[in-house]
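Q: Could you have a look at this structure, given as structure tokens, before my questions?
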Amino acid sequence: MTSKKFHALFGGPPRDQAVSPGQREMDIAASIQSVTEEVMLRAARHVHEETGLKNLCLAGRMALNGTANRRILREGPFNQVWIQPAAGDAGCAPGVALLIWYQLLGNKRNVDPEGDQQGALLGSEYSDEEIGAFLANVDCEYEHSENNEALCDEVADAVAQGNVVGWFQGRMEFAHQSLGSRSILGDARNPQMQSLINLKVNFQEGFQPLAAVVLQEHVHEYSDVHPDKQSPYTLFVNPGNPLLHRLLTRFYEKTGCPVMAITSLNLAWEPIVRSPQEAYDTFMTSDIDVLCLGKFVLRKLAQPATVEVVEDSTSNEPFEGQLASPCCRGELASKNGSLVCEKCHRAFAVTDNIPELFWPHEKSDEGEDITEIVRAFYEETPFPNYNDHDSLRSLVEKSRKGLYARRLDETIPYNTSVLEVGCGTGQLTNFLGRSCRRVIGADLCLNSLRLGESFRREAGLERVRFMQMNLFRPALRPERFDVVLCNGVLLTTRDPFEGFQHLAGLVKPGGHIVIGLYNTYARLATDVRRQIFRVTRGRAKWIDPVLRQEGLSEDKRRAWYADQYCHPHETKQTFGEVQEWFDKTGFEFVRGVPAMRPEDDGLGGESLFDAQPRGTKLEHFLVQAMQIVAPGQKEGGFFIMIGRKPGNR
């Protein structure tokens, strides 16, 4: 929103959002805030001079500036200041309606103090029966409190113990932020609570402020607002939400503190939650410790996919019951920092918390070992590489911009076991593992895995682990994963179908397999560019759509170029060939991305695991022919196939 003149005046362009703000950014923000306060205060004084009125109502986006509002109340000429609870651009709409009804149409207004807006609980609400029915249909652990007293006692203890609590009660507020019905609560005595909530919910430490909810009789102890004056949308619990008042009273009785930190129950990129489903998704997609849905209480530590946080982040709990010797499939035991096979007694090193379970693919009739050649290639050029300054927040934002990654995240259930084979540097593994799932990323390249593991540790993703493994000698027990992902590895092997068979054996009955391959037809454009690059010795890189993108780091550009145009081996398949793989291994075809028929990208519907038609040979031909010139070719002719193993999990 700033211009070149602004950048010249203030010492450069805006920072990359993945980079933490520095002193320059803080100084600019503080200066803009100071000027904003002066403008709003002078505007308020001008209105008073023009009208002589003693009461002021505010709405609109600037009315969200609490610090400026306080100055108007304290230093301005008005006796009372009332701020629309849904202040913001949309919050001006009720004022427009009132203006038309009373002033333009001349309708008489009868002032009734009891009829003034005393609350903002105008939205939907859900009974305990409705919430209980929802929870019964999802795979989660929860408790039910007998009554409100027991609930408030339990939640007050949780807040006092330093937990971040999601609070979903009663009707939804009509407001720009939560007022106590769709809220995140924390202990205001904890000086780290602000950064803790930002870290747990928005995946970044930051200076985003938190509001406070205060018992009315104690307001004067914490601000210059008199107890007789009400501030129902910022400082105290209004009569429309007695349960929060009861919780705050119980917290005060336990701790002597009548204040809680409060903010809206939502992820940074989403609106305030409305339904139990949205509240549950927010809880399972973030690190909120406790969620209260009506009288139902969910604790993160009680969820099946939870891994206990340990200081050195070296717990191998996500691997428990999963690993096997790649040479004889015997059980592995941890001994002196290594993994030792109890059957053949071979020892496998664990480096940087990564089990090195790669075992050569032994076939005498293969000639050159393609697996070893590809492994050496990726050790030299890890792919995909992280951008400079990547953080968990930037990874989430980047992954959500990609429709496939976002839809995959929305589709894979919580509390499941997920395996990504050929994870590379683990970007998708880490993205999926920030939600309440256990995710293992496997790759043959140790350098790539180290990048993923380093990011995992920095982001504190306890449910994620990485391992080195050869797809053709899987070091994992059969039928242990709800979802197996393999977005690209099969296309670098000499025998993709054999590799697929190994993957298929790892899927639980009722589970899903998702594989990504190069399409025979759609890859033609990339093949042409590869020949041009060979002739020009790597020049003319502008002809590649990805390399033309702005914002890519040089490391990521090099990684893309090497993967697409310098790879030592790749195979291509048609839609029909891969459907035959599913048929031969007993898997049910679910869908393709793109779909198996024209004018469908395959990403629609509630879930990617909802079945679509297999398509006819003619439809396959049309879709694949369209891919030759489709805009999606910036991704190199990649396509996805999803299958389901019959049975129940």
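The values are calculated or read from the model by the stated rules, or taken from the named source; none is laboratory data. Bear in mind the structure is a predicted one, so any value in this text is a computation, not a measurement. With ideal geometry, Cβ positions are generated from the backbone for all residues, glycine too; neighbour counts draw on all protein chains shown. We work out accessible area using only protein heavy atoms, side chains counted, and drop any ligands, DNA or RNA first. Shrake-Rupley method; radii C 1.70, N 1.55, O 1.52, S 1.80 Å.
Q: Find the Rg to Rh ratio for the chain, where Rh is the Kirkwood radius over alpha-carbon pairs and Rg uses the same atoms.
A: Reported Rg/Rh, Kirkwood definition of Rh: 1.03.
Q: Restricting to DSSP loop positions (anything but H, G, I, E, B) with no more than 11 other Cβ atoms inside 10 Å of their own Cβ, which trypsin sites (Lys or Arg not before Pro) remain in segment 462-544?
A: Arg537, Arg539
Q: Could you work out the Kirkwood radius for segment 29-78, taking every pair of different alpha carbons, averaging 1/r and inverting it, reported in Å?
A: After inverting the pairwise mean of 1/r, the radius is 11.1 Å.
Q: Can you give the extra length, in nm with one decimal, that the chain gains between Met26 and Ala136 once fully stretched, where that is 0.36 nm per residue apart less the Cα-Cα distance?
A: Answer, rounded to one decimal: 34.9 nm.
Q: In addition: Along Cα→Cβ, 7 Å out, is where each label goes; now give me the distance between the ones at Arg299 and Met62 in nm to one decimal.
A: 4.9 nm
Q: Now a separate question. Quick one: which of 130-141, 401-412, 80-91, 422-433 comes out on top by average Cβ neighbours within 10 Å, and what's the full order, highest first?
A: With the highest mean Cβ count within 10 Å placed first, the list reads 422-433, 80-91, 401-412, 130-141.
Q: Separate question: Can you give me the angle between helix 370-380 and the longest principal axis of the chain, using Cα atoms only, in degrees from 0 to 90, rounded to the nearest 10?
A: Long axis of 370-380 versus the principal axis of the chain: about 40 degrees.
Q: Would you please put 444-452, 615-623, 246-254 in order of how densely packed they are, using the mean number of other Cβ atoms within 10 angstrom per residue and starting with the highest?
A: 444-452, 246-254, 615-623
Q: Distance from the Cα centre of segment 461-527 to that of segment 263-291, in angstrom?
A: Here the two parts' Cα centres lie 32 Å apart.
Q: Mind listing P(r) for segment 405-459? All alpha-carbon pairs, 10 Å bins, whole percents.
A: Bin by bin from 0 Å, the calculated values are 26, 55, 19, 0.
Q: In whole Å, largest first, what are the principal axis extents of the Cα atoms in segment 524-619?
A: Computed over the Cα atoms, the extents are 45, 28, 24 Å.
Q: Could you pull out every one of the lysines with an alpha carbon less than 20 Å from that of Lys401, ignoring same-chain neighbours closer than 8 positions?
A: Output for Lys401: Lys556, Lys634.
Q: Ratio of alpha-carbon Rg to the 2.2 N^0.38 Å globular estimate for segment 416-515, to two decimals, please.
A: Taking N as the residue count of segment 416-515, the ratio is 1.00.
Q: Leaving ligands, DNA and RNA out of it, report the carbon-plus-sulfur percent of the accessible area of the chain at a 1.4 Å probe.
A: 52 percent
Q: Take the alpha carbon atoms of segment 591-615, find their center, do the same for segment 44-67, and report the distance between the two centers in whole angstrom.
A: When both Cα centres are located, 54 Å separates them.
Q: Can you list the lysines whose alpha carbon is less than 29 Å from that of Lys54, not counting same-chain residues fewer than 8 positions off?
A: Lys108, Lys229
Q: Could you compute how fast segment 11-55 diffuses translationally, taking Rh as the Kirkwood radius over C-alpha pairs and applying Stokes-Einstein at 10 °C with viscosity 1.306 mPa s? Give it in µm² per second.
A: Translational D for this selection: 121 µm²/s.
Q: With a 1.4 Å probe and every protein chain left in place, work out the accessible area per residue of the chain in Å², rounded to a whole number.
A: 48 Å²
Q: Same structure, new question: Roughly what angle does helix 193-202 make with the longest principal axis of the chain, taking Cα atoms, 0 to 90 degrees, to the nearest 10?
A: The two axes meet at around 50 degrees.
Q: Under 22 Å between alpha carbons, and skipping anything fewer than 8 positions from Lys343 in its own chain: which lysines qualify?
A: Correct list for Lys343: Lys335.
Q: Can you compute the equivalent ellipsoid semi-axes for segment 34-151, i.e. the square root of 5 times each eigenvalue of the Cα gyration tensor, sorted largest first and rounded to whole Å?
A: Those come to 40, 21, 14 Å.
Q: Rounded to the nearest 10 degrees, what's the angle between the helix 242-255 long axis and the longest principal axis of the chain, both from Cα atoms, 0 to 90?
A: 90 degrees
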